[in-house]
Amino acid sequence: MRTIRALVLFVLLLGFWQILSWRIDPLFIAMGVVSAAVVTAFSLWLLEQVIGYREEEPRLSLVWLFAYLAWLLPRIFASGFAVARVVLDPRLSPRPGVVRFTTSLPSPAARTMLANSITLTPGTITLNVDGDEYTVHAFTVDAVADLAQAAMQARIARAFRVPPDPPPDLRWDPVHDERSEPHR
């Protein structure tokens, strides 16, 4: 299985090299083969250390993965407009805070996908992942609505063919309390 993974990664990298260089000279092909082989050797080890070995991973459903991406993309744009509205409208004020929650997503790949999806969504950024506990900074309380309802976690769980999480208990820590006086 590791050989197949390495071969697929090598072919993808070599194809990417050819697309970027757009040359079929023997020198460029040779440089592409060497570059793809070196990057494959280092990347395969790194992927196994960070994401986990293939045998430990639940099988990924490509149908549900694409369904998740189709669900996430509009949310990224909508969140971008919501953040822009808060920034540009003087009547609205941001309410930044840090939220902490846990998830039961079992695989490192699923937890990595959740952390990256949070960071891709404007108004939120994953600050830390410690095992199954996430620390996320949010620009507004509304920015973490999908996390509070476990919508994002449930779709990722479906893509990895594992049972979904119930809505987590979010712990919201405001970054700024309007009742307190600013320090001068």
| message | Please go through the range 126-154 and give me each residue that is farther than 13 Å from P168 by Cβ and under 13 Å from the mean Cα position of the chain (by Cα), ordered by number. | response | T126, L127, N128, V129
| Which one of F66, F16 is assigned to a helix (DSSP H, G or I), assigned by TED's automatic domain parsing to the domain that holds R158, modelled with pLDDT of 80 or more and within 25 Å of A159 (Cβ to Cβ)? | F66
| message | For the range 23-36: of the residues being surrounded by 14 or more Cβ atoms within 10 Å (Cβ to Cβ) and of a type in the set (A, V, I, L, M, F, W, C), which is nearest to R59 (Cα to Cα)? | response | A36
| field | Leading residue by the ranking (modelled with the lowest pLDDT) among those in the range 91-105 that are over 14 Å from the mean Cα position of the chain (by Cα) and buried (at least 17 other Cβ atoms within 10 Å of the Cβ) | value | R95
| message | Can you go through L14, L20, L7 and tell me which one is within 30 Å of R59 (Cβ to Cβ), surrounded by fewer than 12 Cβ atoms within 10 Å (Cβ to Cβ) and within 28 Å of the chain's Cα centre (by Cα)? | response | L7
| Can you tell me which residue in the range 108-125 is farthest from R171 (Cα to Cα), limited to those that are in contact with a helix residue (DSSP H, G or I) (Cβ under 8 Å, 6 or more places away or on another chain) and surrounded by fewer than 18 Cβ atoms within 10 Å (Cβ to Cβ)? | P108
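The values are calculated or read from the model by the stated rules, or taken from the named source; none is laboratory data. Keep in mind it's a predicted model, so treat the numbers as computed, not measured. Please note: Cβ atoms are built from the backbone with ideal geometry, for glycine as well, and neighbour counts cover all protein chains shown.
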